[in-house]
Every structure is written in structure tokens, then in C-alpha cells.
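Please treat every number below as a calculation from the coordinates, not as lab data. Predicted, not measured: the structure shown is a model, and the values here were computed from it. So basically every Cβ, Gly included, is an ideal-geometry build from the backbone, and we count neighbours across all protein chains shown.
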Amino acid sequence: MRVAKDDDLLPKRKSSAAKPPSRAGSGASASMLRLMRIARLVGLLLGGFVTLVGAMSLVGFITDSFWVRLVVALVVVVGFPAFVSDRVLKRTSLGGGLAMVTDIFAIVLLSVALVLVAADFASKPLLVREGDRYARSGSRAMARVVYFLGGVSPVFPEEGGPAPAGSGSAPASASSPPGASAK
């Protein structure tokens, strides 16, 4: 009678030269990888822009200086997602590398942007004031985008929109219809 050894009970391993180890996520098709990259890019750009404008409008409570608002907002927009990704990667055993950090940045920035836009009662006055700052500085395109985020549609004086009621720009006799008399 033959006694089985430990090696006989375990399955035989294939040599590692036969098949290279696969990366995590390599099972996705090329079109799915491209879609994931596009979603990351949109999340970073759109979420980052809205978060940047929102942070600039919050700093606008303290100062009207563009450079101060921009620098502080950039520190927040880069620093907060970096802090969150650091905490997530330290508390979990997720590897992921740069792709994981990019995903966390996109998710955090889109989440902050969603909260800013959804909290209309609080963010609308901030974004309208930020749009006013851009309009006063002459940046009409940026003012329009920020006004859009705030939920208002401005009419700039050069566009020739309808004159506001009670405008003092026209004499009273010119604004009354012909044949009408004051009684």
C-alpha cells in the first residue's frame, strides 16, 4: 500500500511563463476602457470647473481680488479630493494606482458640484455675485456661464434687450402714444 504525499493531493501549478499575470481591469474591452476614460475626463473637467467657481464665490465673501479667489479655490479644488483619496487608499486595500486616484478626484469633484447646484437657495446668491464680478471685469462669456450655474439669464446693456419699465432714458411725451392726452 502506497501512502499519499502532500504534493499528490494539491493541484499542479502551471508555470508562470505560460501566461503572464493579468492586471485588474484588463478584462474590459477597448471601447469600455475608452468610455471610462471619457467619463473620468468629464467628471474632472465639469466637476472641477463648477467646484472652482463655487469655491471662488465663497472666497468672494472675504475679498474681490481675482487672484486671491483663484489661488484659494485651486487649493481647495485640488486639496480636498487629494485628502479624500489619501484617506480612502490608506483605509482600504485597493491598489488601483493613478486610475483609482483619478476616479476618486472625479467622484469628489462631481459630488461637490452637485451639492452646489442642488443647494439652490444657498448657492444662487453666491453664483450671481460671482457672475456680477465677471461681468464688471468685462468677461461676458464667463459671466454667462456662472449666471447659468446660478439659474439666471442676464441681459447686458449692449444687447438691446427690452427697456426696463420706468426708465428715465426717454422723455415722457415720446413714450406716450400719439393722440393721447393727459387728463
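Give me the distance in nm between label points sitting 7 Å out from Cα along the Cα-to-Cβ direction at Val68 and Ala119, one decimal.
For Val68 paired with Ala119, the spin-label model returns 2.2 nm.
Can you give the percent of C-alpha pairs in region 18-144 whose distance is more than 21 Å?
Beyond 21 Å sits 51 percent of the P(r) for region 18-144.
Only counting other Cβ atoms within 10 Å, I'd like Ser93, Ser65, Ser31, Ser57 sorted with the fewest neighbours first.
Ser93, Ser31, Ser65, Ser57
How far is it, in nm, from the label point at Arg37 to the one at Arg140 when both lie 7 Å from their Cα along the line to the Cβ?
3.8
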